[in-house]
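Trainee: So that we are looking at the same thing, I have put the structure below in structure tokens.
The values are calculated or read from the model by the stated rules, or taken from the named source; none is laboratory data. Computed from a predicted structure; not experimentally measured. Cβ: placed from backbone, ideal geometry, glycine included. Neighbour counts: every protein chain shown.
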Amino acid sequence: MRMPEPPGPTEGVGVEKALRRVAGLLLLLGVAWRLLRYAQDFALSDDESFVVLNLMDGDWASVLKPARAQVAPALFLWAEKAALEVFGPSEYGLRLLPLAAGLLGLVLFWRLANRALPPVAAALATGLLSVSYFPVRFSAEVKPYSFDLLAAVVLLDLGLRVREEPGRLRPLWLLVFLAPLLVLFSYPSCLLVASVSAVLLPVVWRRPDRRAKALFVAYNLAALAVFLVSYLRVGVGQFQGQGGFSNEFWQLHRAFPPAGPWDLIVWLFRLVTGLVFAYPLGDVTGAAALTFLFSVVGAAALRRSARPGVLALCLVPFGATFAVAAARLYPFGPHPRIAQHLAAPICLLAGAGIAALVEGGNASPPVAHRRMRRVMALFAVVGLAGVAVDLLQPYRSRRDEAFRTLAAELRSKAGREDLVVYARDPEDWRPWPSPLEFYLRKERLRVAWADVMDLDASPRPRQVWVIAYELTAPPDVYRKWLEGARPPFAMVGDVPYLLRMGTGRTEPIPCSVSHWRRPS
């Protein structure tokens with residue numbers, strides 16, 4: 001399979017205009033989908049709530065070593081802390097920076113694709129990333145994943161410019177200044193820094209210009225120094241706070257390569273056909289196998305082309321990620337959220353592979369253009385279907401939306417002195433749901449978290465709401481506590497809930513919200 005060449009000069013202008021127009025439309029669709037998801041204001045998830053609650057409880061120093069499980073780089077946390085100070089606990093305000101990073105990453109990827117690939121492949125790669133679900137989702141979450149994608153795009157673009165513009169020093173200067181900044185916004189960006197350095201080393205060292213060598217050394221030293229400070233002062237504490245990468249989650253999902261050769265082959269097969277290659281869509285059942293095959297075809301096509309630097313910049317990040325995963329330093333998958341630094345290389349390779357197939361088989365230009373339009377139409381269908389799903393199902397988790405609605409309802413009924421009690425089985429010491437805590441605190445409700453407090457102490461509540469999560473009724477200890485007050489509380493209402501996690505067919509979680517009141 002050969003890498004398709006650009007059209008001849010006679011028809012090239014019209015074809016390239018058409019390609020750019022179609023890619024631009026898909027880019028706009030991707031921008032619109034990201035803005036829609038942001039505008040829909042989904043309730044915060046558990047992971048997002050962990051981040052925000054740590055920001056609410058900590059000062060500028062302590063947010064870097066949070067009490068709750070969280071792994072996020074320093075500048076991202078400080079930027080979100082600033083957003084919290086400016087906008088308050090607003091989902092819109094807290095998600096504004098991830099949205100900006102997601103939009104900027106998409107637009108810069110369009111430029112990277114056009115620099116790295118021929119017009120057909122560039123248009124396909126841009127369309128693929130524009131309508132991929134996970135980059136859209138991460139653009140509207142209070143997590144640093146959209147910064148991982150942005151950092152990868154910036155570093156790959158600058159690395160390609162250094163390699164292919166040997167007479168210019170500006171890309172190297174930009175690497176010197178931007179690489180340390182990106183490392184502070186994105187932990188896995190250090191893998192891209194190392195990958196770009198490995199690809200550029202022989203190119204820069206062959207140049208006679210000493211200034212280029214000095215800038216290359218400065219780029220590596222600056223990025224390394226900032227990474228070490230960030231990791232040792234911030235990252236180590238965060239990883240240990242989560243139990244390290246040996247905790248139950250990573251072991252359950254097999255995020256690191258096994259030692260045995262057969263087990264390694266099976267692990268790699270599941271990795272490349274699972275969620276890591278889920279562009280535009282995919283799941284754990286192997287639905288992303290087609291994208292992986294397109295990427296293999298694209299790698300072969302790039303190898304035969306006159307752009308070996310593009311292939312190296314796309315493949316070396318996979319090798320770097322595998323190396324640190326083998327050393328148990330950073331997971332390789334299993335979820336796209338911790339592999340967004342690989343999204344740009346995957347889409348570049350897959351776009352090149354689809355282009356090679358579209359223009360392969362000695363296809364005439366009209367036939368190749370028809371095939372390309374069909375692929376682009378398929379991308380448009382995927383993007384429009386994603387928009388339709390978000391419009392028809394404006395939430396990520398019905399449970400979290402129920403928590404937000406419940407908190408707003410309680411705020412409308414509770415007085416300043418009234419009390420909300422989170423009740424649980426006395427033998428259940430699991431932490432309460434973080435989205436519930438966030439929304440109760442956002443509404444400035446007075447809350448007792450599983451504590452039996454003195455109901456006659458000031459401020460003396462007249463009404464109490466008991467939220468019995470994962471229970472059909474409050475435990476007896478809470479009933480006796482309320483009925484034993486002076487004067488006693490009487491139940492005036494009990495509303496059962498069946499909460500569902502996520503959006504699929506999950507087992508509902510029972511919940512009871514009882515309302516208690518005593519005479520004035």
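Trainee: In the stretch 443-520, which strands (runs of 3 or more DSSP E) lie fully inside it and hold 2 or more residues that are more than 29 Å from residue 42 (Cα to Cα)? Steps first, please.
Mentor: Details: elements: 447-449, 463-469, 490-499, 509-517.
Of the strands (runs of 3 or more DSSP E) lying wholly inside the stretch 443-520, those with at least 2 residues that are more than 29 Å from residue 42 (Cα to Cα) span 490-499, 509-517.
Trainee: Search the stretch 85-95 for residues being surrounded by 18 or more Cβ atoms within 10 Å (Cβ to Cβ) and closer than 25 Å to residue 187 by Cβ, and hand back the single one that is nearest to the chain's Cα centre (by Cα).
Mentor: As a first pass, look at the stretch 85-95 and keep what is surrounded by 18 or more Cβ atoms within 10 Å (Cβ to Cβ): 89, 91, 94-95.
Cutting the leftovers down to closer than 25 Å to residue 187 by Cβ gives us 91, 94-95.
On the way: 91: 16, 94: 14, 95: 12 Å.
The extreme case among them is 95.
Trainee: Separate question: Only one of these is touching a residue at least 12 places away in the same chain (Cβ under 8 Å), closer than 22 Å to residue 122 by Cβ, in a helix (DSSP H, G or I) and of a type in the set (A, V, I, L, M): 196, 176. Name it. So that I can check it myself, show each step before the final result.
Mentor: Details: 176 fails: closer than 22 Å to residue 122 by Cβ.
So the residue among 196, 176 that is touching a residue at least 12 places away in the same chain (Cβ under 8 Å), closer than 22 Å to residue 122 by Cβ, in a helix (DSSP H, G or I) and of a type in the set (A, V, I, L, M) is 196.
Trainee: In the stretch 49-74, how many residues are assigned to a helix (DSSP H, G or I), over 16 Å from the mean Cα position of the chain (by Cα) and hydrophobic (A, V, I, L, M, F, W, C)?
Mentor: Kept after step one, since they are assigned to a helix (DSSP H, G or I), are these residues of the stretch 49-74: 49-57, 62-64, 74.
Adding the requirement that they be over 16 Å from the mean Cα position of the chain (by Cα) leaves 53-57, 62-64, 74.
Of the ones still in play, those that are also hydrophobic (A, V, I, L, M, F, W, C) are 53, 55-56, 63-64, 74.
Total meeting the criteria: 6.
Trainee: Check the stretch 424-441 and report whether any residue there is in the same structural domain as residue 411 (by TED's automatic domain parsing), of a type in the set (Gly, Ala, Ser) and farther than 18 Å from residue 408 by Cβ.
Mentor: So the first thing to find is which residues in the stretch 424-441 are in the same structural domain as residue 411 (by TED's automatic domain parsing), and the list is 424-441.
Those left that are additionally of a type in the set (Gly, Ala, Ser): 434.
The next check asks that each one be farther than 18 Å from residue 408 by Cβ; those that pass are none.
Taking every residue of the stretch 424-441 in turn, none turns out to be in the same structural domain as residue 411 (by TED's automatic domain parsing), of a type in the set (Gly, Ala, Ser) and farther than 18 Å from residue 408 by Cβ.
Trainee: Sort out which residues of the stretch 32-48 are among the aliphatic types (A, V, I, L, M) and part of a helix (DSSP H, G or I), and write them in order of number.
Mentor: The initial filter retains those residues of the stretch 32-48 that are among the aliphatic types (A, V, I, L, M), namely 32, 35-36, 39, 43-44.
Correct list: 32, 35, 36, 39.
Trainee: Only residues that are in a helix (DSSP H, G or I), hydrophobic (A, V, I, L, M, F, W, C), touching a residue at least 60 places away in the same chain (Cβ under 8 Å) and within 30 Å of residue 18 (Cβ to Cβ): list them for the stretch 75-119, please.
Mentor: The answer is 103, 106, 107, 109, 110, 112, 113, 116.
Trainee: Restricting attention to the stretch 153-171, report how many residues are in a helix (DSSP H, G or I) and surrounded by fewer than 24 Cβ atoms within 10 Å (Cβ to Cβ). Steps first, answer last, please.
Mentor: Taking the stretch 153-171 first, the residues in a helix (DSSP H, G or I) are 153-164, 170-171.
Keeping just the survivors that are surrounded by fewer than 24 Cβ atoms within 10 Å (Cβ to Cβ) gives 157-158, 160-161, 163-164, 170-171.
The number of residues fulfilling the criteria is 8.
Trainee: If you check 377, 407, 402, which single one turns out to be in a helix (DSSP H, G or I), among the aliphatic types (A, V, I, L, M), out of contact with any Pro (no Cβ under 6 Å at 6 or more places or on another chain) and assigned by TED's automatic domain parsing to the domain that holds residue 91?
Mentor: Details: 407 fails: assigned by TED's automatic domain parsing to the domain that holds residue 91; 402 fails: assigned by TED's automatic domain parsing to the domain that holds residue 91.
The conditions single out 377.
Trainee: Still on this structure, I have one more. If I filter the stretch 270-303 down to residues being among the aromatic types (Phe, Trp, Tyr) and either part of a helix (DSSP H, G or I) or without any contact (Cβ under 8 Å) to a residue 40 or more places away in the chain (or both), which single residue comes out as surrounded by the fewest Cβ atoms within 10 Å (Cβ to Cβ)?
Mentor: So the first thing to find is which residues in the stretch 270-303 are among the aromatic types (Phe, Trp, Tyr), and the list is 277, 279, 292, 294.
Checking the rest, the ones that are also either part of a helix (DSSP H, G or I) or without any contact (Cβ under 8 Å) to a residue 40 or more places away in the chain (or both) come to 277, 292, 294.
Working: 277: 27, 292: 23, 294: 25.
For the stretch 270-303, the residue satisfying everything is 292.
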